[in-house]
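Here's the structure, in structure tokens; my notes come after.
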Amino acid sequence: MFEKAKAFMLDHLKAFGVDPLPPVIETRGKGVSLLQNEEGSVIVIGSATDTETLPLVEWMVATGKALLQQQGSDIVPLLLGNESENNKELLRIADDLFYIIDLAAIYQCYLQNPVEAYCIYDDAIELKDEESLHPIAVALGLSHPRGLEAMGFDKKEHAVVVEEAEFFKPIVIQKRPDLSLLIALQNAWQKQKGSDFRLRVEGQVLRFLSAA
């Protein structure tokens, strides 16, 4: 399974112009992600990863994160501080942030090869890959003159999605998204949503502080 998944990953990296290609290594479990080790960035693929069932967006996000690093962006990799363990509120805030990073990664793929990005979206539709459809549609919608409406989102029915996408659009569509701007926007978003916490980055570790 790993060799097939590795070949699938390398095809994505090459299609979107990642150069040089990062090492692809095997680990336990399933899934694919971009990680940082002592020697630099690596793509890690679980030995049980099935190319037929793993959501297409996971391959796209890993590829986009490699592109972000290639462009010199410092928003990846980003690790969670241990204070977030077993704290549902902090994990929710972290999920919000990582969702925006995923959108930025998908958008990098679009910038490098828009035809291939739309082909993956079409594949997700054909496969009924619901987990992939939403984030890919949002990211592609940010590139469209008619915005998210062009990807099937309704301004009233999907008001929360549209509002969040528009709020973070300045960071998502950058060629080289900046971590300090991302955190500043995320803190403004959390304040707007009434959160009691704000974010700070120490090195590449995401920390949570009381907003009081």
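The values are calculated or read from the model by the stated rules, or taken from the named source; none is laboratory data. What you see is a predicted model, and the numbers here were worked out from it, not measured in a lab. For neighbour counting, all protein chains shown are included, and Cβ atoms are generated from backbone atoms with ideal geometry for every residue, glycine included. Just the protein is used for accessible areas: all its heavy atoms, side chains included, with ligands, DNA and RNA removed. Shrake-Rupley method; radii C 1.70, N 1.55, O 1.52, S 1.80 Å.
Quick look at the numbers
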read-out	value
Filter pass, residue 106 being open to solvent by less than 30 Å² (accessible area, probe 1.4 Å), in contact (Cβ under 8 Å) with a residue 40 or more places away in the chain and either under 18 Å from the mean Cα position of the chain (by Cα) or closer than 28 Å to residue 11 by Cα (or both)	yes
Set 148, 97, 140, 182: member being in a helix (DSSP H, G or I), within 29 Å of residue 206 (Cβ to Cβ) and in contact with a Phe, Trp or Tyr (Cβ under 7 Å, 6 or more places away or on another chain)	140
Criterion violated by residue 74 - all others in (1) over 20 Å from residue 21 (Cβ atoms); (2) open to solvent by 10 Å² or more (accessible area, probe 1.4 Å); (3) assigned to a helix (DSSP H, G or I); (4) not small (Gly, Ala, Ser) satisfied	(3)
Residue within the stretch 31-39 that is in contact with a Gly (Cβ under 9 Å, 6 or more places away or on another chain), loosely packed, with under 15 Cβ neighbours inside 10 Å and assigned to a strand (DSSP E or B) present	no
Close pairs (9 angstrom Cβ cut-off, 6 or more residues apart or separate chains): under 21 Å from residue 180 (Cβ atoms) in the stretch 74-102, among the basic types (Lys, Arg) and in a loop (DSSP other than H, G, I, E, B) anywhere	74/176; 96/193
Qualifying residue in the stretch 157-167 (condition: modelled with pLDDT of 95 or more, touching a Leu at 6+ places or on another chain (Cβ under 9 Å), within 19 Å of residue 110 (Cα to Cα) and aromatic (Phe, Trp, Tyr))	no
Selected residue (criterion: surrounded by the fewest Cβ atoms within 10 Å (Cβ to Cβ)) from residues of the stretch 1-30 that are within 24 Å of residue 110 (Cβ to Cβ) and among the aromatic types (Phe, Trp, Tyr)	8
Qualifying residue in the stretch 163-171 (condition: free of Cβ contacts under 8 Å to residues at least 60 places away in the same chain, closer than 21 Å to residue 77 by Cβ, open to solvent by 60 Å² or more (accessible area, probe 1.4 Å) and of a type outside the set (Phe, Trp, Tyr))	no
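The rows are residues; the columns are (1) among the acidic types (Asp, Glu); (2) under 19 Å from residue 133 (Cα atoms).
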residue: 40; (1), (2): no, no
residue: 65; (1), (2): no, yes
residue: 112; (1), (2): no, no
residue: 116; (1), (2): yes, yes
